[in-house]
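The values are calculated or read from the model by the stated rules, or taken from the named source; none is laboratory data. Here the structure is a predicted model, which means the values were calculated and not measured. Here the Cβ positions follow ideal geometry from the backbone for every residue, glycine too, while neighbour counts run over all protein chains shown. All accessible areas refer to the heavy atoms of the entire protein, side chains included, with ligands and DNA or RNA removed. Shrake-Rupley method; radii C 1.70, N 1.55, O 1.52, S 1.80 Å.
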Amino acid sequence: MKKLIIFLFCLLTGAAFAQNPGAGKAAPGPVLFYNAHIFVGNGTEHASGSMLIEKGLIKEISASDLSAKYPNAQKVNVEGKHIYPGIISPANTLGLAEIESSRPTLDYNELGDYNPNVRALVAYNTDSEIIPTVRGNGVLITQATPTGGIISGRSSIFYLDGWNWEDAVLKADDGMWLHWPRRMTPSFNFQTMTRELQKNERYQKTIDELRELFAQSVAQKEGGNPYDNLKLSALNGVLTGEQRLFIEAGTDKEVIEAVNFCKEAGVKYPVVVGSVTSELAIQTLKENNVPIIVSPTHRLPDRADSDVWEAYKLPAYLVKKGLTVGLHYNDSYWRTRNLPFVAGSTVAHGLTKAEALALITSSNAKILGIDKWVGTLETGKHATFIISEGDILDMRTAKVTRAFIRGAEVNLDDKQKRLAKKYFEKYGLEK
């Protein structure tokens, strides 16, 4: 019995040391960061600027030194380093998934094709060990997104710090997710052992089902019984404009049809998530003021006869066409930490560094409807920012040394750093 007690004590002690750091705490008074190269996020830069934060908000930002103006503020000299807005990662399952090979740790997919009543909000796990590894690269805000089916449910936007989802949430139920049906669906031919595309025989039927579902939602709302059917009432937000409708579509033709469907159904704020390359699809988005969150640049082109650099050039091409363009990294929830470097790749293919930074800060904030709080470093906004020793868009130089969420400094320790330290010490290696 004594041995069992000792074993359990050691086990619990080891587990305690492996836990994620607790939520950050804001400084009791004003804090002034000076001598910093500040990237505001909207194209403006201050080569040697200052920023005052207090009570979780940015109180003042200037291109000059504000030390004399605020003599009683705690002062932080950021000479030789850069300050950036916290990076925003939309359209991913961070916080809803932990171990890809363990189904019980995956909470982003429900059974059935139509689940508008599903909410990612209450499933978000602030104790995920993945979260600290992501914010260490400057990603401080995520859009936890359900997947699967035709209508997956509602996403919510979270800060990557907090004791629970109530602490971390920035915007609850920000949008509904619609996976537009594919005209062509992949299949596997066992006779030839090859993959091929086949016509989706249910394509039009699925669109008719969507049309009927939205019409029923309108009828229920007008009937004065909004809670008689949770699936129907959940759609009310996208019809009133309180929520976005995020549409994942595979081809340009499907994008055009999805936008036309939204016009017919009365959806106020549709957002396309994916890629468009044809002039007709781009013009459709522009005429209807529909923003787009572009797929990652680090991927193969959509078609075999496309330019090999198509994915890298696409963000610059769409920006120059006058669209509101954001960027996401959906390859895997834990790899969303690479979003800054994905944005950095666009600099070599037509965008300036300021425009590339905007893709993952101010533009993403505008598209998600959170730009009044975050996305840029401006007076009155949340003090959510990072300090880096190098260019945050360049994996060769980026090194986030400090991060702040709503004015509270975040502990940048994580499991990977602890393991690295452990084995560096074991083998007597130098970092």
Quick check on my filter: what residues within region 185-207 are assigned to a helix (DSSP H, G or I) and under 31 Å from the mean Cα position of the chain (by Cα)? Tyr203, Thr206, Ile207
Yes/no for Lys221 being touching a helix residue (DSSP H, G or I) at 6+ places or on another chain (Cβ under 6 Å) and within 28 Å of Val259 (Cβ to Cβ): yes
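In region 90-105, which residues are in contact with an Asp or Glu (Cβ under 6 Å, 6 or more places away or on another chain) and either open to solvent by 20 Å² or more (accessible area, probe 1.4 Å) or over 21 Å from Leu178 (Cβ atoms) (or both)? Reasoning before the result, please.
Going through region 90-105, the residues in contact with an Asp or Glu (Cβ under 6 Å, 6 or more places away or on another chain) turn out to be 96, 105.
Thr105 - this is the single residue of region 90-105 that is in contact with an Asp or Glu (Cβ under 6 Å, 6 or more places away or on another chain) and either open to solvent by 20 Å² or more (accessible area, probe 1.4 Å) or over 21 Å from Leu178 (Cβ atoms) (or both).
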Matching residues, region 137-180, being of a type in the set (D, E, K, R) and under 20 Å from Ala408 (Cβ atoms): Asp161, Glu166, Asp167, Lys171
Could you please tell me which pairs satisfy a Cβ distance under 7 Å, a separation of 6+ or placement on different chains, a first residue in region 41-61 that is free of Cβ contacts under 8 Å to residues at least 40 places away in the same chain, and a second residue that is open to solvent by 30 Å² or more (accessible area, probe 1.4 Å) and β-branched (Val, Ile, Thr)? Gly49/Ile61
Region 100-110, residues that are in contact (Cβ under 8 Å) with a residue 24 or more places away in the chain and more than 20 Å from the chain's Cα centre (by Cα): Glu110
Subset of region 215-236 [farther than 10 Å from Pro116 by Cβ and either of a type in the set (Lys, Arg) or touching an Asp or Glu at 6+ places or on another chain (Cβ under 9 Å) (or both)]: Gln220, Lys221
Positions within region 54-64 being outside any strand (DSSP E or B) and surrounded by 14 or more Cβ atoms within 10 Å (Cβ to Cβ), in sequence order: Gly56
Could you please let me know if Glu79 is of a type in the set (D, E, K, R) and in a strand (DSSP E or B)? no
I'd like to verify a number: residues in region 256-303 that are open to solvent by 80 Å² or more (accessible area, probe 1.4 Å), free of Cβ contacts under 8 Å to residues at least 40 places away in the same chain and in a helix (DSSP H, G or I), how many? 6
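Quick check: anything in region 31-53 farther than 16 Å from Glu378 by Cβ, among the small types (Gly, Ala, Ser) and in a strand (DSSP E or B)?
Going residue by residue through region 31-53, those that are farther than 16 Å from Glu378 by Cβ are 31-32, 34-35, 37, 47-48.
If we keep only those that are among the small types (Gly, Ala, Ser) too, we end up with 47-48.
Cutting the leftovers down to in a strand (DSSP E or B) gives us 47-48.
Checked against the condition, which is being farther than 16 Å from Glu378 by Cβ, among the small types (Gly, Ala, Ser) and in a strand (DSSP E or B), region 31-53 yields at least one hit.
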Please specify each residue of region 127-167 satisfying the condition of being free of Cβ contacts under 8 Å to residues at least 60 places away in the same chain, more than 28 Å from Gly112 (Cα to Cα) and in contact with a Leu (Cβ under 8 Å, 6 or more places away or on another chain). none
Got at least one residue in region 237-249 being farther than 17 Å from Val118 by Cα, open to solvent by less than 30 Å² (accessible area, probe 1.4 Å) and assigned to a loop (DSSP other than H, G, I, E, B)? yes
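So which residues in region 19-40 are farther than 16 Å from Glu389 by Cα, at pLDDT 95 or above and either among the charged types (D, E, K, R) or in contact with a Gly (Cβ under 6 Å, 6 or more places away or on another chain) (or both), if there are any at all? Lay out the reasoning, then the answer.
Within region 19-40, the first condition is being farther than 16 Å from Glu389 by Cα, and the residues that meet it are 19-32, 40.
After this cut, where a residue has to be at pLDDT 95 or above as well, the list is 30-32, 40.
Within region 19-40, no residue meets the criteria.
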Scanning region 123-170 residue by residue, those open to solvent by 10 Å² or more (accessible area, probe 1.4 Å), within 26 Å of Phe341 (Cβ to Cβ) and in a strand (DSSP E or B) turn out to be Thr147, Leu170
Kindly indicate which of Gly175, Gly136 is modelled with pLDDT under 95 and within 30 Å of Gly344 (Cβ to Cβ). Gly136
Identity of the residue in region 106-122, open to solvent by 30 Å² or more (accessible area, probe 1.4 Å) and part of a strand (DSSP E or B), that ends up nearest to Arg182 (Cα to Cα): Tyr114
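Scan region 297-311 residue by residue and report those that are more than 14 Å from Val276 (Cβ to Cβ) and of a type in the set (S, T, N, Q). Reasoning before the result, please.
Our first condition is that a residue be more than 14 Å from Val276 (Cβ to Cβ); within region 297-311, this holds for 297-300, 304-305, 307-309.
Result: Thr297, single match.
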